[in-house]
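The values are calculated or read from the model by the stated rules, or taken from the named source; none is laboratory data. Everything numeric in this text was worked out from a predicted model, so none of it was measured. Note that we place each Cβ from the backbone using ideal geometry, even for glycine, and neighbour counts take in every protein chain shown.
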Amino acid sequence: MVDSDLSMTIRRTVAYLASGSALAVLLVLAYWFGILVNWWSPVMRPRGVSANARYVFLWESAAWFDCSVDRQRDVDVCKAWNDRGRPLASGDFRLEGPNRAATESELHPSTIGRTGPAGLADEIYLFGPHGIIEGKKLIRVVPRPTTQ
């Protein structure tokens, strides 16, 4: 009788541990899946990445983006970092073509484009309604030299 009670206790303990481990694995997989499909950002941010930055994962690249609309100057102010916190872009940008700031509803960065001489991006691609291909592109605004 004692052996059967001990055996039952051991089986229940193993079953609880197995189900707990399976749940932990499922939670970790769900966490990473959410990051891969851009439902949320990783919990840990590299040093120097702003608290407002959003993580964007694409199969060929990953980056943190912090972009906002400055309506007074009609520009999008953007900063971007790679997944290790190295700066990729910083400055004022406007939509290619209409030469205006992207609206809040348009401003969904996806990846960095061409890099300029300073080593920072001159282009930031935006997600479109059906992905990057139909998206728009932000172009760095080159400051005009001041005349005296």
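Report yes if Arg114 is of a type outside the set (A, V, I, L, M, F, W, C) and touching an Asp or Glu at 6+ places or on another chain (Cβ under 6 Å), otherwise no. In short, yes.
Here is a yes/no grid of residues against (1) over 17 Å from Lys136 (Cβ atoms); (2) surrounded by fewer than 13 Cβ atoms within 10 Å (Cβ to Cβ):
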{"site": "Arg47", "(1), (2)": "yes, yes"}
{"site": "Asn99", "(1), (2)": "no, yes"}
{"site": "Ala102", "(1), (2)": "no, no"}
{"site": "His108", "(1), (2)": "no, no"}
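Please go through (1) surrounded by 12 or more Cβ atoms within 10 Å (Cβ to Cβ); (2) part of a loop (DSSP other than H, G, I, E, B); (3) of a type outside the set (Phe, Trp, Tyr) for Ala118 and return the number of the only condition it doesn't satisfy. Condition not satisfied by Ala118: (1).
In segment 99-113, the count of residues that are more than 20 Å from Val56 (Cβ to Cβ), part of a loop (DSSP other than H, G, I, E, B) and either at pLDDT below 90 or under 20 Å from the mean Cα position of the chain (by Cα) (or both) is zero.
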